[in-house]
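What follows is a single structure, written as structure tokens, with notes after it.
Computed from the coordinates by the stated procedures, all read-outs in this text should not be read as laboratory data. None of these values were measured; they are calculated from a predicted model. Methodologically, a virtual Cβ is constructed for each residue, glycine included, from the backbone with ideal geometry; neighbour enumeration extends over all protein chains shown.
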Amino acid sequence: MVQLKIGIIMGSVREGRMNARVADWVESEAKKKFGESALIEVIDLEDYNLSGIRQPIHFMADSSLAPADLKKAEAKVKELDCFIFVTPEYNLNIPPALKKFIDLLPPPIWWWKSAAIISYSMGRFGGNIVPHSLRQTFCEIGLIPVTKPMSIPFVHEEIDENGALVGQGAEGFQAEIEKTLDVFEFYATAIKEKRENGPVPKNM
Ligand SMILES: Cc1cc2nc3c(=O)[nH]c(=O)nc-3n(C[C@H](O)[C@H](O)[C@H](O)COP(=O)(O)O)c2cc1C
């Protein structure tokens, strides 16, 4: 049986972010679903100080001289099999901290891995535009987008500070996350099996 190493990537570093509550909820649902059959890790962009970095690691003349936090981010993505991006949308697009995290890293470390997107907003559309941009970016870096979308409107009312579903939509969101994780597991497992059994073509 395939053991997945799953990274839950937090898409916001905003002060007072809603992101933490959503990531907590997604982490606990993923742990419930996968139990011992997966290693689940939250990647908080706040733990990677990339703000002053102006050159992607793969564009550096000597990448061994890259800033430590950039090398740490590269190593982390390398060791994981698949990802769940938990993100808001900013002006209908990818939050800059998240886009920077992606752009500074070499595409081959994402190749033949899969990624689900769970977006949210404090408004009524649930950040349902940002997955379009993210999927486009995923395809550019060779990361396989999970087809099932999930978005959460009125996130501040639906999920509390402890990552618990508390709003009117609780029943629906519970069913949605279970479906989303089922589809994610299907892609992630199939792709990991194929990747490990090789041969693995270049994805560019
Ligand atoms: C710069 C910025 C742009 C935003 N743009 C959108 C948007 O395009 N669509 C939307 O539904 N909400 C938008 N919002 C509102 C967010 O849904 C809300 O602030 C949410 O809490 C952001 O996630 P965060 O708290 O985890 O950073 C925006 C918020 C910020 C700070």
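Once you sort the root eigenvalues of the Cα gyration tensor of the range 1-55 as a ≥ b ≥ c, which label holds: rounded (a/c under 1.5), prolate (a/b larger than b/c) or oblate (the other case)? Note, shape of the range 1-55 comes out oblate.
Using 0.36 nm per residue, how much length does the chain from K202 to Q174 gain when fully extended, once their Cα-Cα distance is taken away?
6.3 nm
Qualifying chymotrypsin sites (Phe, Trp or Tyr not before Pro) in the range 113-151, where qualification requires a DSSP coil assignment and no more than 14 other C-beta atoms within 10 Å, comprise F125.
With a ≥ b ≥ c the root eigenvalues of the C-alpha gyration tensor of the chain, is it rounded (a/c under 1.5), prolate (a/b larger than b/c) or oblate? Oblate is the answer for the chain, as a/c is 1.5 or above yet b/c matches or exceeds a/b. Look at the dipole of the range 4-197 built from charges on Cβ: of V42, P153, H58, the Cα furthest out on the positive end belongs to H58. What you get for the range 4-197, charging only the Cβ of Lys and Arg (+1) and of Asp and Glu (-1), is a dipole of about 580 debye around the Cα centre. Under the combined filter of DSSP loop state and at most 15 neighbouring Cβ atoms within 10 Å, the range 12-110 retains these trypsin sites (Lys or Arg not before Pro): R14, R54.
Apply the a/c threshold of 1.5 to the C-alpha gyration tensor of the range 1-111 and tell me whether it is rounded, prolate or oblate. Judged from the Cα gyration tensor, the range 1-111 comes out oblate (a/c at least 1.5, b/c at or above a/b). The residues packed around N19, meaning those with a beta-carbon under 13 Å from its beta-carbon, carry a net charge of -4 if Lys and Arg are +1 and Asp and Glu are -1.
Proximity of backbone amide H atoms, modeled 1.01 Å from N, is registered between I43 and I8, I9, M10 at under 5 Å, excluding neighbours fewer than 5 places apart on the same chain.
What net charge is computed for the residues neighbouring D81, neighbours being all others with C-beta under 13 Å from the C-beta of D81, Lys and Arg scored +1, Asp and Glu -1?
Numbers: positive: K5, K76, K78, K113, K192, K194, R195; negative: E41, E79, E185, E193, E196.
Taking every Cβ under 13 Å from that of D81, the sum is +2.
Counting Lys +1, Arg +1, Asp -1, Glu -1, what net charge surrounds D182 among other residues with beta carbon under 12 Å of its beta carbon?
Details: positive: K33, K148, K179; negative: E29, E176, E178, E185.
With Lys, Arg at +1 and Asp, Glu at -1, the net is -1.
Exposed loop sites were defined as GluC sites (Glu not before Pro) in DSSP loop states (anything but H, G, I, E or B) carrying at most 16 other C-beta atoms within 10 Å; in the chain the longest segment without such a site runs 16-160.
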